[in-house]
């Protein structure tokens with residue numbers, strides 16, 4: 001079994017032992033999203049227009065919520081040293097950590113989003129495209145977030161710093177994610193937006209594992 | 001096969017911009033044990049981390065069988081077993097799951113059940129194997145971490161305060177395991193405050209002026 005698969009298996013097993021950690025993130029996502037229709041009132045047109053933006057922002061904050069602990073627990077309990085000493089590239093281990101994070105946050109958030117989209121009055125096309133943008137875009141959030149988590153390792157008040165680092169880097173993904181839904185709803189077709197969203201995800205995939213590995217080595221010193 | 005030999009020449013390390021030690025030389029052959037002693041902050045942990053290439057060293061050469069380990073760091077990492085200050089156990093996983101995960105992360109695959117049982121038995125942990133690590137005491141977790149080292153089958157053991165939190169019988173078990181490792185031609189370095197009573201142990205006092 002490769003280090004990549006072994007690490008994902010270990011992290012998923014740990015999440016299964018603490019389903020509450022994932023539950024809190026998903027509950028936050030639902031609560032944060034549902035506050036908007038409650039606060040704004042039954043203005044269906046307005047709600048449908050802001051739906052994608054609200055859901056994307058809520059997904060971003062929910063992902064951030066769980067990112068802080070991504071490497072901190074490994075750092076504290078000494079398993080980070082074992083990762084640094086594992087044979088094979090550390091970049092792959094970094095990618096494995098982000099993948100495990102996406103499986104327990106990005107993936108369920110994406111699948112939950114259309115249910116919440118209904119409460120905003122999004123139409124069928126909008127719901128499908130929204131789910132699709134989140135599925136394509138949320139891996140970027142896990143990767144960029146993983147970089148933030150690795151860079152803030154060992155820093156006091158890492159959580160706030162993490163948000164400051166990660167949020168600006170996620171702006172392009174946010175813009176094209178919400179843009180795709182708007183374009184689809186207005187009938188323009190979302191394929192351009194989705195292509196750019198996928199390109200951003202690939203760019204993150206091609207760069208962040210190296211940066212995360214470098215940051216982890218630095219933290220290990 | 002060439003007999004294992006570790007040689008460190010003229011090693012110098014800094015920690016937080018401050019020099020910790022310099023001109024440190026070590027030469028160890030198979031079957032030898034080196035106890036690193038010295039006051040708190042004298043650089044025992046730094047030396048062990050430098051040997052594992054976790055911390056860069058400022059000057060000097062670490063070589064294994066006459067070859068600089070920096071040339072093939074991956075092969076070097078595969079030769080060592082590491083026991084740090086922290087135990088490297090995940091609190092939510094059981095002891096067995098922790099050990100299996102650690103072996104897989106080493107790229108060694110799932111250990112066979114008899115081998116795992118024998119390693120657990122060496123530290124008298126068989127009855128606790130299915131308990132989550134967070135429910136174990138500090139000494140029991142330390143023993144669990146030592147089982148991980150034993151299970152790795154690595155030639156070179158780098159141990160940072162291995163006897164921390166261990167009670168009398170556990171220290172005895174550690175001594176027996178170390179002695180067996182050395183008997184098989186392995187090498188071990190341990191930063192330690194308590195004498196481990198290893199036969200033929202050498203001692204290096206770091207920071208002795």
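Where a number appears in this text, it was derived from the coordinates with a stated rule and is not lab data. Source: prediction; values computed, not measured. Glycine also receives a Cβ, built like all others from the backbone with ideal geometry; neighbour counts cover every protein chain displayed.
If the condition is being in contact with a helix residue (DSSP H, G or I) (Cβ under 9 Å, 6 or more places away or on another chain), free of Cβ contacts under 8 Å to residues at least 60 places away in the same chain and facing chain A (nearest Cβ under 7 Å), then the range B:69-90 contributes B:77, B:86, B:87, B:89, B:90. Restricting B:52, B:59 to those that are in contact (Cβ under 8 Å) with a residue 40 or more places away in the chain and more than 14 Å from chain A (Cβ to nearest Cβ) reduces the list to B:59.
Test residue B:64 against the stated conditions and say whether it is touching a residue at least 12 places away in the same chain (Cβ under 8 Å) and either within 14 Å of chain A (Cβ to nearest Cβ) or under 18 Å from residue B:151 (Cα atoms) (or both). Spelling it out, it is not the case that residue B:64 is touching a residue at least 12 places away in the same chain (Cβ under 8 Å) and either within 14 Å of chain A (Cβ to nearest Cβ) or under 18 Å from residue B:151 (Cα atoms) (or both).
In the condition set (1) more than 16 Å from residue A:93 (Cα to Cα); (2) more than 17 Å from the chain's Cα centre (by Cα); (3) without any contact (Cβ under 8 Å) to a residue 24 or more places away in the chain, residue A:165 is compliant with all but (2).
The residues of the range B:12-44 that are crowded, with 16+ Cβ neighbours inside 10 Å, out of contact with any helix residue (DSSP H, G or I) (no Cβ under 8 Å at 6 or more places or on another chain) and within 11 Å of chain A (Cβ to nearest Cβ) amount to a single one, B:14.
Among the residues of the range A:204-221, what is the count of those that are within 14 Å of residue A:95 (Cβ to Cβ) and touching a residue at least 24 places away in the same chain (Cβ under 8 Å)? Walk me through it before giving the result.
To start, the set of residues in the range A:204-221 that are within 14 Å of residue A:95 (Cβ to Cβ) comprises A:204-216.
Filter again for touching a residue at least 24 places away in the same chain (Cβ under 8 Å), leaving A:204-205, A:208-213, A:215-216.
The total comes to 10.
For the range A:1-25, a tally of residues being under 27 Å from residue A:177 (Cβ atoms) and either touching a helix residue (DSSP H, G or I) at 6+ places or on another chain (Cβ under 6 Å) or within 14 Å of chain B (Cβ to nearest Cβ) (or both) returns 7.
Pick from the range A:42-74 the residues that are under 30 Å from residue B:83 (Cα atoms) and more than 9 Å from every other protein chain (Cβ to nearest Cβ): which of them is surrounded by the fewest Cβ atoms within 10 Å (Cβ to Cβ)? Give the steps one after another, and end with the answer.
Here is the first cut: in the range A:42-74, the residues under 30 Å from residue B:83 (Cα atoms) are A:66-74.
Still in the running and more than 9 Å from every other protein chain (Cβ to nearest Cβ): A:66-72.
Numbers: A:66: 21, A:67: 27, A:68: 18, A:69: 15, A:70: 24, A:71: 26, A:72: 17.
Among those residues, the one meeting the criterion is A:69.
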